[in-house]
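Reviewing the structure listed below.
The values are calculated or read from the model by the stated rules, or taken from the named source; none is laboratory data. Please read these numbers as outputs of a predicted model, since none were measured by experiment. Glycine gets a Cβ as well: all are built from the backbone with ideal geometry, and neighbour counts include every protein chain shown. These accessible areas exclude ligands, DNA and RNA; they are computed on the full protein's heavy atoms, side chains included. Shrake-Rupley method; radii C 1.70, N 1.55, O 1.52, S 1.80 Å.
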Amino acid sequence: MTRRRLIAGNWKMNGTADALGEVTAIANAAGEQDRVDVALCLPATLIARAAAAAPGLAIGGQDVHASESGAHTGCTSAAMLLDAGATLTIVGHSERRQDQHETNADVRAKAAAALAAGLGVILCVGESDEVRTSGDAVAHVSAQLYASLPEAPSDSTHLSIAYEPIWAIGTGKVASTTDIAEMHAALRARLFAAFGEAGQDMRLLYGGSVKASNAAEIFAVPDVDGALVGGASLTAADFVPIVAAG
Ligand code: PGA
């Protein structure tokens, strides 16, 4: 089973018009290779301009509302993301699970809405430092994934899972390759249990302080099909070498 790798950047709440040059530089580098899929998940305010400036690059959102439209001040629907030029979105990032108190049920509903509208989804799961220290990380994250999974998408490659240990996000700490392998094997088994063979097509990304210096080692871990990259996706200088390692 060969899954095409996906290297996705998550700009979080960073980037205004003056960052569009980085988007086009990343798009140019991504366009010069065809081994891996590359995407940038941008602030909602940048999506339309980035999609126009870099038509060959997959542009994504960082969140989506579960409803099609209505009285949800400040929120963005799947149709709005598509309309702006996005082709995918992140759901369930730990910063949203924490800051916006999103539950597994919320994440499942967001993923379902995005997939139904035709967006690709990167669904994030991951354990806290406390859970990792307690020794329960694999059981905890498997249960989190199971409770967050939507129904099977019609195209199974539209659903990717990002395993992002919370303690590794933005900290410079990276999970050991042994721990990543153990977690990804458990998540793959969970996807197979939920979706059968279709679960084999879904990509499992690792996220948490991925950078040029550790990307190749992480990509060599069995069942790692790419990365979700935060801080090191903000500039072409940092992100392009990660794409090259993919
Ligand atoms: P980081 O963020 O690469 O800055 O650790 C990853 C993420 O939160 O997706």
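Numbers at a glance
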quantity	calculated
Condition met for A147 (within 18 Å of the chain's Cα centre (by Cα), within 16 Å of the ligand (Cβ to nearest atom) and either within 17 Å of F192 (Cα to Cα) or without any contact (Cβ under 8 Å) to a residue 12 or more places away in the chain (or both))	no
Counted residues, the stretch 124-161 - those being part of a loop (DSSP other than H, G, I, E, B) and farther than 18 Å from N10 by Cβ	11
Conditions (1) in a helix (DSSP H, G or I); (2) free of Cβ contacts under 8 Å to residues at least 60 places away in the same chain: number failed by G70	(1)
Residue selected from the stretch 1-29 under the condition in a helix (DSSP H, G or I), out of contact with any helix residue (DSSP H, G or I) (no Cβ under 6 Å at 6 or more places or on another chain) and open to solvent by less than 70 Å² (accessible area, probe 1.4 Å), by the criterion nearest to Y163 (Cα to Cα)	A27
Criterion violated by V121 - all others in (1) touching a Ser or Thr at 6+ places or on another chain (Cβ under 7 Å); (2) among the hydrophobic types (A, V, I, L, M, F, W, C); (3) within 16 Å of the ligand (Cβ to nearest atom); (4) in contact (Cβ under 8 Å) with a residue 40 or more places away in the chain satisfied	(4)
Single match in V107, V38, V121, V64 (criterion: touching a Leu at 6+ places or on another chain (Cβ under 9 Å), part of a loop (DSSP other than H, G, I, E, B) and either surrounded by fewer than 19 Cβ atoms within 10 Å (Cβ to Cβ) or of a type outside the set (D, E) (or both))	V64
Tally, over the stretch 86-98, of residues that are part of a loop (DSSP other than H, G, I, E, B) and polar (S, T, N, Q)	1
Failed condition for H101, given (1) part of a loop (DSSP other than H, G, I, E, B); (2) under 29 Å from R49 (Cα atoms)	(2)
Test result for L145, touching a helix residue (DSSP H, G or I) at 6+ places or on another chain (Cβ under 7 Å) and not aromatic (F, W, Y)	yes
Every residue from the stretch 211-239 that is open to solvent by 10 Å² or more (accessible area, probe 1.4 Å) and closer than 28 Å to T16 by Cβ	K211, A212, G230, G231, A232, L234, T235, A236, A237, D238
Hey, L40 within 24 Å of G74 (Cα to Cα) and among the hydrophobic types (A, V, I, L, M, F, W, C) or not	yes
All positions within the stretch 92-103 that are touching a residue at least 40 places away in the same chain (Cβ under 8 Å) and open to solvent by less than 50 Å² (accessible area, probe 1.4 Å)	G92, H93, S94
Selection count, the stretch 151-174, where residues are open to solvent by less than 10 Å² (accessible area, probe 1.4 Å) and either without any contact (Cβ under 8 Å) to a residue 60 or more places away in the chain or in contact with an Asp or Glu (Cβ under 9 Å, 6 or more places away or on another chain) (or both)	6
Qualifying positions in the stretch 81-118 - within 16 Å of the ligand (Cβ to nearest atom) and hydroxyl-bearing (S, T, Y)	T89, S94
